[in-house]
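Asker: Below are the structure tokens for one structure; questions will follow.
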Amino acid sequence: MAILSSSIARKVAMALSGLFLVLFLAQHFTINITSVIDPDTFNNLSHFMGHNFVVQFIAQPILIFGVVFHFIMGLVLEIRNRNARQISYNSFKGNKNSTWASRNMIISGAVILAFLGLHFYDFWFPEIVHKYVESNPLDATRYYPELLHKFESPVRTGLYCLAFVLLALHLWHGFSSSFQSMGWNNKYSKGLRGFTQFYAIFIPLGFIFIALYLHFNQ
Amino acid sequence: MKLTLKIWRQKNNKAKGELKTYPIDGIEGDMSFLEMLDVLNEGLINKGEEPVVFDHDCREGICGSCSLQINGEPHGPDRLVTTCQLHMRMFNDGDTIVIEPFRAKAFPVIKDLVVDRSSFDRIQQAGGFISVNTSGNTIDANSIPVNKHDADESFNAATCIGCGACVAACKNASAMLFTSAKVSQFALLPQGRIEATERVLNMVAQMDKEGFGNCTNTGACEIECPKGISLENIARMNREYLSASLEG
């Protein structure tokens, strides 16, 4: 059982859960971008995701577990790492040898977690109430109007955009770092890093575009 | 050159330390950083004050003793040099230089700028060796062919002098670069493969036991390493560790 408590096992666990969440982000983005392209498609996909047994009762619990695991493991690592240097430097120039994003994953992660709270409050909890508490009849046309309604507020739209900026910073380091953690560092790593950095910019920027598009097209 | 030094002074392991300010004059650009500290100490001794205690031995970048955190960076602002190879021309007249010991729970301060790095020795002792029979039937190493790339990579990893700059630079005080260099230098050679599984498991277990932090791949260690040890070694150690764990 030594592998489960070793520093390398913890790195790999963070990497695997992070990669799983990266895949989820791509899927979430693919569905959300249809709200800009064709609201009917967005409604149909949302209805499918909201009522498909596999998505609701297998994929969703796995996703929630992945998020909770990534968060708890990140917190455990942060506490252990802070404990490894109990007296801080009076002068520490981290900017000279590493990026802000790489040194502050806990900050970007905490902002993303806070955003997830808001996101659940906005969409997930109302959806659960709609389906399982109020037991409303099926309506495959309600998703786009509800989405549009949420982005009426400039404050909410601003908070979403801010969270996506932090998501970009988190991905900028985390996505490529996960491959290094799993032992992947070879002649293909430069190309892979390029792809992960493109992803880190493209996906959050896409989410920002969707939020702003919905806000300004009420 | 006239400088203001802010140096960490700490009587012993138990005492509370603090930064003390020392003005210093007459420093030449061609002096090494340690020669500058020698000048300071000569002045302090002449005034009847306790000299600043710092580690040093070879003064030619080989031994890894002279490990100081200088203006927020291990071994100071220059790259690929140890503190003893750092020249004062890297600083300007009137500069303030903050000098601290390497900070890590696994590197407790002994006195002033000297830290106990025996945790590195214990990691080495846990597996950083190959068992060779030297009782008269030693096989010539050249009789075992080694791929040129692997030989070069192994040699590069073996240039780690164990100074601890990787730990000092890392925001998590992680010793992954050091440990991975010591694992890699053997893992890349056929002579080292025989004990590879237990080596990586034992060395990582000892590294964790010493209380070093977890690597989060910031890359600071690679930038600050005076010998340019690559992050590829950490990836290699991760691979070695995962396959060793699966093997048993």
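The values are calculated or read from the model by the stated rules, or taken from the named source; none is laboratory data. Note that the structure is a prediction, hence the values are computed from the model and not measured. Neighbour counts run over all protein chains shown; Cβ positions are idealised from the backbone, glycine included. These area figures cover heavy atoms from the full protein model, side chains too; ligands, DNA and RNA do not enter into them. Shrake-Rupley method; radii C 1.70, N 1.55, O 1.52, S 1.80 Å.
Asker: Give the calculated FRET efficiency between A:Trp100 and B:Arg193 to the nearest 0.05, with a Förster radius of 56 Å applied to their Cβ-Cβ distance.
Answerer: Step by step, r from the Cβ atoms, then E = 0.90.
Asker: Please state the Cα pair-distance histogram of chain A with 10 angstrom bins from zero: what percent is in each bin?
Answerer: In order of increasing distance, the bins hold 7, 28, 33, 20, 9, 2, 0 percent.
Asker: Let me ask you something else. From largest to smallest, what semi-axes in whole angstrom does region B:170-248 give when each is the square root of 5 times an eigenvalue of its alpha carbon gyration tensor?
Answerer: Semi-axes from the Cα gyration tensor: 21, 15, 10 Å.
Asker: Given a 1.4 angstrom probe, I'd like the percentage of the accessible area of chain B that is carbon and sulfur, rounded to a whole number.
Answerer: On the way: 5450 of 10930 Å².
Carbon and sulfur: 50 percent of the exposed surface of chain B.
Asker: Between region B:1-75 and region A:167-206, how far is it from one alpha carbon centroid to the other, in angstrom?
Answerer: 41
Asker: Modelled label-to-label distance, B:Ile45 and B:Lys209, 7 Å Cα→beta-carbon offset: nm?
Answerer: In this crude label model, B:Ile45 to B:Lys209 measures out at 4.1 nm.
Asker: Same structure again: Taking the radius of gyration and the Kirkwood hydrodynamic radius from Cα positions alone, what is the Rg/Rh ratio for the protein assembly as shown, to two decimal places?
Answerer: 1.07
Asker: Quick one: of the DSSP bridges fully inside region B:3-111, what percent are antiparallel, nearest 5?
Answerer: 75
Asker: When the solvent-accessible surface of protein heavy atoms is calculated with a 1.4 angstrom probe, in what order do B:His75, B:His56 fall, highest first?
Answerer: Details: B:His75 0, B:His56 85 Å².
If we order B:His75, B:His56 from most to least accessible, we get B:His56, B:His75.
Asker: Something else: Largest first, please: the extent of the C-alpha atoms of region A:1-121 along each principal axis, to the nearest Å.
Answerer: 58, 37, 24
Asker: If you don't mind, there's one more thing I want to ask. With a 1.4 Å probe, how much accessible area is buried between chains B and A, both sides summed, in Å² to the nearest hundred? Each step should come with its number before you reach the end.
Answerer: On the way: alone 12550 and 13620 Å², together 22780 Å².
Looking at B and A, the buried total is near 3400 Å².
Asker: Continuing with the same structure: List the residues, sorted by chain then number, that are 5 or more residues from B:Leu5 or on another chain and whose placed amide H is less than 5 Å from its amide H.
Answerer: Residues meeting the criterion, in which the H sits 1.01 Å from N, are B:Tyr22, B:Ile24, B:Ile97.
Asker: Give the relative contact order (percent, whole number) for chain A; include only Cα pairs under 8 Å separated by 6+ residues.
Answerer: So the answer I get is 33 percent.
Asker: Mind jotting down the distance between the C-alpha centroids of region B:105-147 and region A:85-102, whole Å?
Answerer: Value for the Cα centre distance between the two parts: 29 Å.
Asker: Thinking of chain B as a set of Cα atoms, what percent of all their pairs are more than 34 Å apart?
Answerer: Roughly 25 percent, once rounded to a whole number.
Asker: Could you give each residue of region A:203-210 its phi-based ³J(HN,Hα) in whole Hz, using Karplus coefficients 6.51, -1.76, 1.60 with θ = phi - 60°, and x for Gly or Pro?
Answerer: Here the 3J(HN,Hα) series is 5, x, 5, x, 5, 4, 4, 4 Hz.
Asker: Straight-line reach from A:Lys131: which lysines have a Cα under 26 Å away, not including same-chain ones fewer than 8 places off?
Answerer: Here the lysines satisfying the reach criterion relative to A:Lys131 are A:Lys150.
Asker: Just want to confirm a number: the relative contact order over region B:117-247, from Cα pairs under 8 angstrom separated by 6+ residues, in percent.
Answerer: 34
Asker: Let me ask something else. In Å², and per residue, what accessible area does the protein assembly as shown have when probed at 1.4 Å with the other protein chains present? Don't skip to the end; give the middle numbers.
Answerer: Details: 22780 Å² over 466 residues.
The answer is 49 Å² per residue.
Asker: Which whole number in µm²/s is D for region B:3-111 by Stokes-Einstein, with the Kirkwood Rh taken over Cα pairs at 4 °C and 1.567 mPa s?
Answerer: Estimated diffusion coefficient is 90 µm²/s.
Asker: Counting only other residues whose beta carbon sits under 10 Å from that of B:Thr83, what net charge do I get with K and R as +1, D and E as -1? Kindly include the intermediate steps, with their values, before the conclusion.
Answerer: Working: positive: B:Arg59; negative: B:Asp55, B:Asp78.
Overall, the nearby charge balance is -1.
Asker: Also: Treat each spin label as a single point 7 Å out from the Cα along the C-beta direction, and report the B:Asp38 to B:Asp121 distance in nm.
Answerer: 2.6
Asker: Taking amide H atoms as placed 1.01 Å from N in the peptide plane, list the residues 5 or more away in sequence, or in a different chain, whose amide H sits under 5 Å from that of B:Ser174.
Answerer: B:Gly213
Asker: Based on alpha-carbon positions alone, could you give the equivalent ellipsoid semi-axes of region A:179-218 from the gyration tensor, as √(5λ), descending, whole Å?
Answerer: 34, 9, 4
Asker: Let me know the volume per residue of the alpha-carbon convex hull for region B:104-213, in Å³.
Answerer: So the per-residue Cα hull volume is 116 Å³.
Asker: Partner chain Cβ atoms within 10 Å, averaged over the residues of B:98-111 - can you pull that number for me?
Answerer: 3
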